[in-house]
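Here's the structure we're looking at; comments come further down.
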Amino acid sequence: MQHLLSVDDMKENYIFDLWSKAIDQKDNYSNALKNKILTNLFYEPSTRTSSSFYSAMVRQGGSVIPINNVKFSSAIKGESLEDTVMTMATMSDCIVLRHPVTGSVAKAANVSKVPIINAGDGEGEHPTQTLLDGFTIFYNNNEKIDNLRITMIGDLRNGRTVKSLVKLLSRYSGNHFNFVSPKELSFPKESLPKNAFETTKINNVISETDVLYVTRVQTERGSDHKYSLSLEQLNLLPKKSIVMHPLPRVSEIPREFDNDPRAKYFDQMRYGLWCRMVLLKDIIA
């Protein structure tokens, strides 16, 4: 794999192989990427994704050039994305890029001489988040990812994590999707999967949900809406279901739910480290 820009760049057998390796490896240290350098190039704020890639690289003996606030870089002087990418490609073996403009990672890939990993481009995709989201379901569902009732709630119009995950889960048979949001934040009509049900009320579907995927409102993309789930609502979930959230959390899930065995959103971050370690080794080594 040269670049990872979209979920479409990963075939089913590749994903399952990566997940299997992640289970075997977990977060063990190695020297697999010794003398290799990763550039974290983030034009948008990031805590979890940038830190996860940083940790994944260092745990395998590699080094990281962290550019986590581009306003302090040459971009503020007017340097184009393409020139910045070409510059960093001369100093590193791979570039992880986050950018507020949809399609920016494709522009970067067109000029880069090293692999580009999409860490989120505007309202587009976030494929490594999808890897860890899919792995969370896989790992907590007896290594299966089909015949599930998946409920997604929040800003479904602007949330790139939702779009990428729907792309992945739509590949597998028997999966049914419930999309819960106010109409102005609904999932894009043109991308709705076949087995989809839309509603504005979580209570219509929560008691028949295997995976509850909660997202925050994307205020940075102009969304203006507030919502939160109550403990009473969450307790309507089946005992074997799981609750996920790409984080950061604002007020969508009460903290009192964090110790519930169905809460997997902090486990997601740990699983993301495992997946990114395998991915980086595959792309760079």
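The values are calculated or read from the model by the stated rules, or taken from the named source; none is laboratory data. What you see is a predicted model; the values in this text were computed from it and never measured. As a convention, Cβ positions derive from the backbone with ideal geometry for all residues, glycine included, and neighbour counts pool all protein chains shown.
Annotations for the structure displayed:
- For Thr130: the one exception among (1) in contact with a Gly (Cβ under 9 Å, 6 or more places away or on another chain); (2) outside the structural domain of Leu234 (by TED's automatic domain parsing): (1)
- Looking across the range 29-55, just one residue is over 15 Å from the mean Cα position of the chain (by Cα), assigned to a helix (DSSP H, G or I) and either touching a residue at least 24 places away in the same chain (Cβ under 8 Å) or surrounded by fewer than 18 Cβ atoms within 10 Å (Cβ to Cβ) (or both), and that is Ser55.
- Residue check for Ile95: surrounded by 15 or more Cβ atoms within 10 Å (Cβ to Cβ) and part of a helix (DSSP H, G or I): no
- Residue match in the range 232-246 (condition: under 24 Å from Arg160 (Cβ atoms) and modelled with pLDDT under 95): yes
- All positions within the range 261-285 that are loosely packed, with under 14 Cβ neighbours inside 10 Å and in a loop (DSSP other than H, G, I, E, B): Pro261, Ala285
- Here the strands (runs of 3 or more DSSP E) wholly within the range 101-201 that include at least 3 residues being buried (at least 19 other Cβ atoms within 10 Å of the Cβ) are 116-121, 149-153, 176-180.
- Tally, over the range 202-216, of residues that are part of a loop (DSSP other than H, G, I, E, B) and more than 20 Å from Thr102 (Cβ to Cβ): 3
- Enumeration of residues in the range 173-186 that are of a type outside the set (Gly, Ala, Ser) and at pLDDT below 95: Pro182, Lys183, Glu184, Leu185
- Considering Val70, Val162, the condition of being among the hydrophobic types (A, V, I, L, M, F, W, C), in contact with a strand residue (DSSP E or B) (Cβ under 8 Å, 6 or more places away or on another chain) and modelled with pLDDT under 90 is satisfied by Val70 alone.
- Per the conditions (1) among the hydroxyl-bearing types (Ser, Thr, Tyr); (2) in a helix (DSSP H, G or I); (3) outside the structural domain of Asn40 (by TED's automatic domain parsing); (4) over 14 Å from the mean Cα position of the chain (by Cα), the sole criterion not satisfied by Thr87 is (3).
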